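Data first, discussion second: the structure below is written as structure tokens.
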Amino acid sequence: MGTVPLTSGLVRQIFGARYLSTLYGLVFFTHQVGSFLGAWAGGRIYDYYGSYEPIWWSTVVLAFVAALIHLPINDKPLRVATAS
């Protein structure tokens, strides 16, 4: 929950306040789904291998992949097209 202010601020900065509640609701929902899948996968891998080490190293790799994916994020507000 430490990233909530940063994430909601970034969503608002890019898309504006008009759709903030809807977009951040989707962001929060997908984070919860990811959290569930991570806990479930950890349990399944522990049951299979008898150790948490494989899931731990896979999360290290996924963290680096996530960092690389987020590098090109452009945090400038989107321009809204207006009718002439």
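Here, each number is a calculation from the coordinates, and none is a lab measurement. Bear in mind the structure is a predicted one, so any value in this text is a computation, not a measurement. Here Cβ is always computed from backbone atoms with ideal geometry, including for glycine, and neighbour counts include all displayed protein chains.
For the range 1-50, the pair-distance distribution built from all alpha carbon pairs, in bins 5 Å wide starting at 0, is 5, 20, 20, 16, 12, 9, 9, 6, 4, 1 percent. Estimated from helices alone, the mean residue ellipticity of the chain at 222 nm is -24500 deg cm²/dmol (sum of -39500 (n - 2.57) over DSSP H runs with n ≥ 4, per residue).
For the peptides 2-9, 22-29, residues were scored by their other Cβ atoms within 10 Å and the scores averaged per peptide; the highest-first order is 22-29, 2-9.
Once the Kirkwood radius over Cα pairs is known for the chain, the Stokes-Einstein relation at 10 °C and 1.306 mPa s delivers a diffusion coefficient of 103 µm²/s. Modelled label positions at LEU23 and ALA66, each set 7 Å beyond Cα in the direction of Cβ, lie 2.0 nm from each other. For the chain, a simple Cβ point-charge model (Lys and Arg +1, Asp and Glu -1, everything else neutral) yields a dipole of about 440 debye relative to the Cα centre. Counting 0.36 nm for each residue step from GLN32 to SER58 and taking away their Cα separation leaves a gain of 7.5 nm.
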